[in-house]
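Report on the following structure.
Computed from the coordinates by the stated procedures, all read-outs in this text should not be read as laboratory data. Model, not experiment: these values are computed from the prediction. Every residue, glycine as well, gets a Cβ built from its backbone with ideal geometry; the counts of neighbours run over all protein chains shown.
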Amino acid sequence: MSIPLGKVITYGQLASLAGLPGAARLAGSVLCGLPENTELPWHRVINAQGKISLPADSAAYKKQIQRLKAEGVHIKNGKISLRIYGYNN
DNA sequence: GACATGACCGCAC
DNA sequence: AGTGCGGCCATGT
């Protein structure tokens, strides 16, 4: 488990924690290449805007929100509230 | 092996 | 507040 349950992290933070500061795109590229049956919490990864980067009309987008809500992360108008891992509680 | 693209981020105007 | 530009690594052709 890379990300604490009930919390989310931005691509930049994820890349930084991975030891690749500034390589936010890398996180996106990797997550994009993840299989559907992946057990990685990719749904807990959001962009710096505190929102999901995937297209709102995409199934993955809805699924991500659905899972986040199931994790206890309530989304407001498509924006995450608890956002950021290791930051403002 | 090289080029182009990608679920991005931060700063400057 | 919104728009534009440069930079990072991995993946696919």
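So, of the residues in region A:56-72 that are at negative phi and in contact (Cβ under 8 Å) with a residue 40 or more places away in the chain, which turns out to be surrounded by the fewest Cβ atoms within 10 Å (Cβ to Cβ)? The residue in question is A:Glu71. Answer yes or no: is there a residue in region A:32-41 that is away from DNA strand C (no atom under 16 Å from the Cβ), in contact (Cβ under 8 Å) with a residue 24 or more places away in the chain and within 13 Å of the chain's Cα centre (by Cα). Looking for residues that are away from DNA strand C (no atom under 16 Å from the Cβ), in contact (Cβ under 8 Å) with a residue 24 or more places away in the chain and within 13 Å of the chain's Cα centre (by Cα), one finds at least one in region A:32-41, hence yes. A:Gly50: closer than 15 Å to A:Tyr85 by Cβ, touching a Lys or Arg at 6+ places or on another chain (Cβ under 7 Å) and touching a residue at least 24 places away in the same chain (Cβ under 8 Å), yes or no? Yes: the conditions hold for A:Gly50.
Summed over region A:41-54, the residues that are near DNA strand B (Cβ under 8 Å from one of its atoms) and touching a helix residue (DSSP H, G or I) at 6+ places or on another chain (Cβ under 9 Å) give a count of 9.
In region A:1-24, the residue that is farthest from A:Lys79 (Cα to Cα) out of those that are within 8 Å of DNA strand B (Cβ to nearest atom) and within 13 Å of the chain's Cα centre (by Cα) is A:Ala15. Scanning region A:32-40 turns up no residue that is within 11 Å of DNA strand B (Cβ to nearest atom) and crowded, with 18+ Cβ neighbours inside 10 Å.
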